[in-house]
Structures are given as structure tokens and as C-alpha cells.
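Asker: Here's a structure for you.
The values are calculated or read from the model by the stated rules, or taken from the named source; none is laboratory data. In this text, all values refer to a predicted model and were calculated from it rather than measured experimentally. Counting neighbours? That spans all protein chains shown, and the Cβs are built from the backbone with ideal geometry, glycine included.
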Amino acid sequence: MRYFDHNATSPLSTIARQAWLDAIERFPGNPSSPHRVGARADNALNDARQAAAQWLGCSPLDLVWTSGATEANNVVFHHAAQVAEAEAWLSAIEHPSAHAAARKYFGDRVQLIPATADGVTDLNWLADRLKAHRPALVAIMAANNETGVLQPWSEALALCREHGIPFACDAAQWIGKLPAAGLGECDLVMGCAHKFGGPQGVGFMKIPDGFRPLLVGGPQEDGHRAGTENVAGIHAMTAAWAERERQLADSEQELRQSWRDQFIADLGKALPEVEVLGNPVPRLWNTVAALMPASADCRRRWVVQLDKLGFAVSTGSACASGKEKPSHVLTAMGRHPREADRMLRFSAGWETSADDWRALLDAVRSAHDALSARVS
């Protein structure tokens, strides 16, 4: 099976797997235990925290380990609702976990920041509204999980700084695909390991002063998150993260982006009806979100047909897959629900080759022929 669903989960990398096995052997103790075995586990956590802080550009004291970005999104909006009674503003294209958490903790005090037709959060709207309103929080993701469109998080942070508003950035899709440097300047930032080759069920977040924890019942993480830390998972996550930062420093993503761009060009020649969403604004180098030809049936049959041909692809957010409701991201971009039913997402990983992209193109052609024949 050739795997093109890395934005949902990237398979565990060889380096992360070895780091996990190493940690299981070397750090078997509970980091909160007072004996030497526990101390070694605690030191391993501190080493990982130092490394993550260096990549992000923040203090290691500001970082808390989590089970992933969904937990972190819940923590963000829980915290914000505890410290302020104003509205929460978040982009209309945030991950479903952010939208659900905002509604849970803020109720009807939620304002969605609109997006442009290209899938970029509208900073002009934000700048204009901030002149007269003071929300409890502004939350804008770093890169969209469905379209891969890069969001203006740095500019939004500057706007929020100017008006004294806390800013949160979900960097789950950015980290491990683009350099993490600078993200640590955000008041709150979150990420998860399984988007870049680390294990599932582990992540981190940067917290602000006066942080109000969601999980209580233990002194772990300096009282910021109760529960025994996943030492092996954290060790594996930072090993994978270190590998990605090295690849980014060597500009290895540029070659991979050229393979993606060639796929888009060849796809346009093979199926002129296809529309790539977010083109030509900057996007993640690994992502293609495409509206497939209407003549070749709906997206789910595309997924099934490509699966039969040995390719794993997605229809959008993995957390929303299987639901009839159209993509909220495409809705925010002004797309009709019928168009959303034609969207496929192809998302590659660091191990995806140029040959994989070429084979995907051939498979899309074959799937189109098969589905078109079925319709006719």
C-alpha cells in the first residue's frame, strides 16, 4: 500500500521506533518516583523539554506534555474561559477539535474569523475588529490540515500583541514539515507527534503565565497537567522531531515539494476538470487538496477505488471522516456543499518518493476511468 494520508497520521519513523524501544529499556520508572530509576525518567523528560524549547524558541518551563493536539485544544479553551468572560475568536477553518472545544467552554461566546476564497484566515477582518473589541483569545492554526494552506499566524500574533490579546496557535500540521522556530513566541502553541513520524497519543503545548489546568489530581508537570507522563512516547517524539528539523535545515523539503508540484501539473494535464484548492497561495509541501471531476462519482468511491489500487488517500480531516456533513473548511472558503463531496486530500510524508507520486498519478487516472465507466 502506498500511503498518502500523512496529514491524518504519519507512520512511526525508524528513528522514533528505536528511540521508543530505547526509552522502554532505559527509563522504565515513573518520573514522579523519588528513587534513582524515577529520577532517570524525569531527567529524560527534562532533556526532551529542553530540546523542544530550543526548536520552538521558548523557555522549557513553559512546555507541558499532552496526549496530542486534541487534548491541547481543549486545554486552551478551558484555560481562556477561566480567565476571561469575553468571546473566543478562532478561524473558521480550525481543526474540528478546536471548534468543539470552543463551543464547549465558551458556549455562544464564539466568533469565527472568516477565510478568503483561497483558504487563508482573513487578517483584514481581524485587524478591523480588534480596533473595537477585546476577545478573551484569538486562535489561528499554523497550517490547515485539509488544504495545506499556510496561515498568517505570525502576523496575527503581531496584531494580538499590539492589542494585548492572548494568541493561540495549533501547529500540529506545521511542526515536522516546516521549521518550528518562532512558534514559541505565541502565548499558547500545541503540536502532536504522529503528524511527523512520532508515536500516536503524545504531544505538547506551550502555556502562559497564570495557566489554569484542565486535568487535575496529581502534581505532574509542575501541577499543569495531572497524570503520569508518557516517557517513551515523548522520547520518541523528540527523536522524530530532531530528524525533521535536520532535514529542514538541509532544505530537503524543497525537492519533495518539486515532486508534489510535478504531480499537480501532470494531474491538470490528465484531468483538466480537477481543481487544486489553495493554489497558488503558499501551502505545505506535502499536501494536495483537489476537487475531483463531477463525472466520476463522489469522493468516497474515489477513496475505495484508489484503495483497491493500493493507495491510501483521504477526503479531508481524519477526525470528521465518515460524516455526511460537508467540510467546514470548504464552506468557509465559500464552496458549495456539492463541491465538498468531490474533495480528495493527498498528503505525503518524508519517506514518500518521486516514484510514489508518479504511481499515484497513474492510479488516479485508472480510478477516474473506472468510476466514469460506472456512472455512464
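Asker: Just to be sure, is residue 107 in contact with a Pro (Cβ under 7 Å, 6 or more places away or on another chain), over 22 Å from residue 183 (Cβ atoms) and without any contact (Cβ under 8 Å) to a residue 24 or more places away in the chain?
Answerer: It is false that residue 107 is in contact with a Pro (Cβ under 7 Å, 6 or more places away or on another chain), over 22 Å from residue 183 (Cβ atoms) and without any contact (Cβ under 8 Å) to a residue 24 or more places away in the chain.
Asker: Does the stretch 359-376 hold any residues that are out of contact with any strand residue (DSSP E or B) (no Cβ under 7 Å at 6 or more places or on another chain) and in contact (Cβ under 8 Å) with a residue 12 or more places away in the chain, and which are they?
Answerer: 361, 364, 365, 366, 367, 368, 370, 371, 372, 374, 375 - these are the residues of the stretch 359-376 that are out of contact with any strand residue (DSSP E or B) (no Cβ under 7 Å at 6 or more places or on another chain) and in contact (Cβ under 8 Å) with a residue 12 or more places away in the chain.
Asker: From the list 245, 273, exactly one residue is out of contact with any Cys (no Cβ under 7 Å at 6 or more places or on another chain), acidic (Asp, Glu) and buried (at least 18 other Cβ atoms within 10 Å of the Cβ). Which is it?
Answerer: The conditions single out 245.
Asker: Restrict the check to the stretch 68-89 and report whether at least one residue is free of Cβ contacts under 8 Å to residues at least 60 places away in the same chain and buried (at least 22 other Cβ atoms within 10 Å of the Cβ).
Answerer: Checked the stretch 68-89: at least one residue is free of Cβ contacts under 8 Å to residues at least 60 places away in the same chain and buried (at least 22 other Cβ atoms within 10 Å of the Cβ).
Asker: Ok, one more. Can you tell which of 21, 90, 61 is assigned to a strand (DSSP E or B), outside the structural domain of residue 285 (by TED's automatic domain parsing) and not polar (S, T, N, Q)?
Answerer: One residue alone meets the criteria, 90.
Asker: Against the condition assigned by TED's automatic domain parsing to the domain that holds residue 95, on the phi > 0 side of the Ramachandran plot and touching a helix residue (DSSP H, G or I) at 6+ places or on another chain (Cβ under 9 Å), how does residue 29 come out, does it pass?
Answerer: no
Asker: While we're on this one: Name the single residue, out of those in the stretch 101-111 being buried (at least 16 other Cβ atoms within 10 Å of the Cβ) and outside any strand (DSSP E or B), that is farthest from the chain's Cα centre (by Cα).
Answerer: Checked the stretch 101-111; the qualifying residue farthest from the chain's Cα centre (by Cα) is 109.
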